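Have a look at the structure below before the remarks.
The values are calculated or read from the model by the stated rules, or taken from the named source; none is laboratory data. Remember, predicted model here, so these are calculated numbers, not experimental data. Cβ coordinates were reconstructed from backbone atoms using ideal geometry, including for glycine residues, and neighbour counts include every protein chain displayed. What goes into the accessible areas is simple: the full protein's heavy atoms, side chains included, and nothing from ligands, DNA or RNA. Shrake-Rupley method; radii C 1.70, N 1.55, O 1.52, S 1.80 Å.
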Amino acid sequence: MLKKLGKITRVKQDNQGRNVPPGQYVTTKFPILTFGPTPKIDLTTWRFKVFGLVEQDVVLDWRQFTGLPRVTIDAEFHCVTQWSRLENTWEGVAFSELMELAPPRPKASFVMAHCYGGYTTNIALDVLQDDDVLFAYRHDGKPLEPDHGGPLRLVVPKRYGWKSAKWVNGIELIAEDASGFWELRGYHMEGDPLKEQRFWERPI
Ligand SMILES: Nc1nc2c(c(=O)[nH]1)N[C@H]1C(S)=C(S)[C@@H](COP(=O)(O)O)O[C@H]1N2
Ligand SMILES: [Mo]
């Protein structure tokens, strides 16, 4: 039995039989979840940098970035505040494309994503090497809206939404895991929705 809760429905599977991670509610809306204001970004000065433990640093401007091969990915989006938006079509550049331009050095095991506005988040490199991870500039057939991270955001479908860094302007490859913005404030280092890795486990 599905229990109706206003416009959202608490489900183990949605009405098309898709599995929903534990503790999540399905919504077809696309809420905006941001700490702080949406940064104003000028595409003429926009830059994206791959740095840290890579064979060579790479800096791309908007024309160069959008000139990279484009991929389209259908993916679920799960926010730690418990909403899941199951149908999203993202278009952009595969994470692996950037790793071909700036190959990771052997010691690189984690990535810190950096954003306009100062937000950061950490993700294991092997998670990002999954073929559903991309830097997206379009969502559901339209240019990505500024409030949703436009011009460019990271999308990591197999992690809670806070790992999908909006207004991303760089990725730093690092050897040891380190906490990003929310991870410093109690969010889980890995954030796998299927394992309900929401917050730190702390003794009471
Ligand atoms: N730069 C930046 N990226 C961010 C955030 C943020 O506050 N700043 N919030 C995160 C959180 S908690 C979630 S759930 C998703 C929400 O994306 P949306 O606003 O497009 O729904 O963005 C993530 N990326
Ligand atoms: Mo979130």
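Points worth noting:
- Residue-normalised accessible area of region 68-204, expressed per residue, 1.4 Å probe, Å²: 45 Å²
- Check: region 100-173 dipole with +1 on Lys, Arg Cβ and -1 on Asp, Glu Cβ, in debye: 160 debye
- Under a model in which nothing but the beta-carbon of Lys, Arg (+1) and Asp, Glu (-1) is charged, the chain shows a dipole of about 900 debye around its Cα centre.
- Shown here for region 19-98: GluC sites (Glu not before Pro) in loop regions (DSSP other than H, G, I, E, B) with at most 16 other Cβ atoms within 10 Å, namely Glu55.
- For region 105-204, GluC sites (Glu not before Pro) are listed when DSSP marks them as loop and at most 12 other Cβ atoms sit within 10 Å of their Cβ; the list is Glu176, Glu201.
- Contact order for region 29-106, expressed relative to its length and based on alpha carbon pairs under 8 Å spaced 6+ residues apart, stands at 29 percent.
- In terms of its C-alpha gyration tensor, region 118-204 comes out prolate, because a/c is 1.5 or above and the ratio a/b outweighs b/c.
- Values of log10 I(q)/I(0), in the order q = 0.13 Å⁻¹, for the chain under a Debye, Cα-only, solvent-free model: -0.71
- Charge tally in the Cβ shell below 12 Å around Ile123, where Lys, Arg are +1 and Asp, Glu are -1, Ile123 excluded: -4
- Computed over neighbours whose Cβ is under 15 Å from that of Pro39, the net charge equals +1, Lys and Arg +1, Asp and Glu -1.
- When the trypsin sites (Lys or Arg not before Pro) in region 96-204 are filtered for DSSP coil states and for at most 11 other beta-carbon atoms within 10 Å of their beta-carbon, the remaining sites are Lys107, Arg185.
- Given charges at Cβ of Lys, Arg, Asp, Glu: region 96-150 dipole, positive-most of Val127, Ser109, Leu144: Ser109
- Here the chain exposes an accessible surface that is 53 percent carbon and sulfur, computed with a 1.4 Å probe and the other protein chains kept in place.
- With loop membership from DSSP and a limit of 16 other Cβ atoms within 10 Å, the longest segment of the chain without chymotrypsin sites (Phe, Trp or Tyr not before Pro) is 36-199.
- Span from the region 62-107 Cα centroid across to the region 121-135 one, whole angstrom: 8 Å
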